[in-house]
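Peer 1: My questions all concern the structure below.
The values are calculated or read from the model by the stated rules, or taken from the named source; none is laboratory data. Predicted model, so just to flag it, every value in this text is computed and none were measured. Using ideal geometry, Cβ is built from the backbone for each residue, glycine included, and neighbour counts are taken over all protein chains shown.
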């Protein structure tokens with residue numbers, strides 16, 4: 001986290017804006033809930049991948065590496081959800 005804070009002054013302003021998130025999806029069906037969670041994980045994976053490319057374009061390789069570690073966790077979460085869904 002210190003890396004992200006230290007690099008904040010070099011990031012494009014659009015990175016520093018607070019993200020607008022849609023309302024949480026709710027379901028009483030466990031399979032639907034898992035699918036919704038997987039959709040959220042896949043969205044996060046796409047956003048982290050995009051941020052990694054942007055960080056590298058700005059020569060912020062230390063930030064890109066931190067984002068890669070977060071991305072790896074998100075990918076693991078997605079794999080766990082896929083396994084739970086029988087995919």
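Peer 1: For the subset of the range 32-59 comprising residues that are over 16 Å from the mean Cα position of the chain (by Cα) and under 11 Å from residue 81 (Cβ atoms), which member is surrounded by the most Cβ atoms within 10 Å (Cβ to Cβ)? Let's see the steps before the verdict.
Peer 2: Going residue by residue through the range 32-59, those that are over 16 Å from the mean Cα position of the chain (by Cα) are 32-35, 56-59.
This time we only want the ones that are under 11 Å from residue 81 (Cβ atoms), so: 33-35.
Working: 33: 13, 34: 17, 35: 15.
Per the stated criteria, the residue is 34.
Peer 1: Additional query: Of all residues being surrounded by 11 or more Cβ atoms within 10 Å (Cβ to Cβ) and assigned to a helix (DSSP H, G or I) in the range 9-31, which is modelled with the lowest pLDDT? Just the residue, please.
Peer 2: Applying the first criterion (surrounded by 11 or more Cβ atoms within 10 Å (Cβ to Cβ)) to the range 9-31 yields 10-11, 15, 25, 27, 31.
After this cut, where a residue has to be assigned to a helix (DSSP H, G or I) as well, the list is 10, 15, 31.
On the way: 10: 62, 15: 57, 31: 93.
Out of the qualifying residues, it is 15.
Peer 1: Which residue pairs have Cβ atoms closer than 6 Å, lie 6 or more positions apart in sequence or on different chains, and pair a first residue in the range 22-41 that is closer than 19 Å to residue 75 by Cα with a second residue that is exposed (fewer than 12 other Cβ atoms within 10 Å of the Cβ)?
Peer 2: Pairs that qualify, where the first residue is closer than 19 Å to residue 75 by Cα and the partner is exposed (fewer than 12 other Cβ atoms within 10 Å of the Cβ), are 33/27.
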